[in-house]
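To start, the structure under review is shown below, and the notes come after it.
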Amino acid sequence: MLLFEYIKELISYQTSLNLQTKAFEYVLANHDLVYVLAMRVNPVLSLGRRAQYTNLTSQNQTGLEQVRTERGGLMTYHGPEQVLLYPLIHLRHFSLPVNRFVYLIEQSMIDCLAQYGVCAQRLEQRPGVYVNLAKIGFVGLHIQQNISTHGLALNVHGPIAAFSSIDTCGFKGQAITSLSQLIKDKYQDTLYETLALDIAHRLYAFVCDGFKKDLMS
């Protein structure tokens, strides 16, 4: 079963993590549930387990709050220009290896963007989703008790200046783009929730399709 929850108001990044903790407990008690939390957050630098403060490309302070998290990866930016999705899934229940789950998250973003005429793809050795080498979608996970936490961020409105102050995900000079920069006059502020719901449904369909195939094999 899919449970999708979109937080309409702008919240702090810490609040999003607190909501994720509550969702985690719910999935822990209901292994067949796919719980997708979606939201927009105030500007923040999110530090993964391998992140160092030296990922800042300038000696000047960015002025942004820095929050260390349990997700994999390095440093990245999150802010109101993005939509964040936390898909909480009991991976063992759905027979999902972590690398396959990452692939499905990326594919959900790729297929969603295609609906807007945007041709996105993966790059070898670089997690996430790209358009002409510019990054538009981000993936970072933490697995605890077989349940995935954290998830993905999609750049919806840009340009996003904060990325120029960090080596996002550890890559110097990584070009960044957003959906609004790519579709221009077709962009609407209501896209955040629409995109979140579309990605959630695509990911759920992928997960369930694989689970059914495993049961039939």
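Structural remarks
- GLY73 in contact with a Cys (Cβ under 7 Å, 6 or more places away or on another chain), more than 23 Å from ASP198 (Cα to Cα) and not in a strand (DSSP E or B): yes
- Residue count for region 145-172, restricted to those that are in a loop (DSSP other than H, G, I, E, B), within 24 Å of CYS112 (Cα to Cα) and of a type in the set (Phe, Trp, Tyr): 0
- In region 122-176, residue nearest to ASP189 (Cα to Cα) [restricted to those that are of a type in the set (S, T, N, Q) and crowded, with 17+ Cβ neighbours inside 10 Å]: ASN155
- Among the residues making up region 76-120, those that are in a loop (DSSP other than H, G, I, E, B) and either hydrophobic (A, V, I, L, M, F, W, C) or surrounded by 18 or more Cβ atoms within 10 Å (Cβ to Cβ) (or both) are GLY79, GLU81, ILE89, LEU91, PHE94, LEU96, VAL118, CYS119, ALA120.
No lab work stands behind these numbers, since they all come straight from the coordinates. Not measured: the values here are computed from a predicted model. Counting neighbours? That spans all protein chains shown, and the Cβs are built from the backbone with ideal geometry, glycine included.
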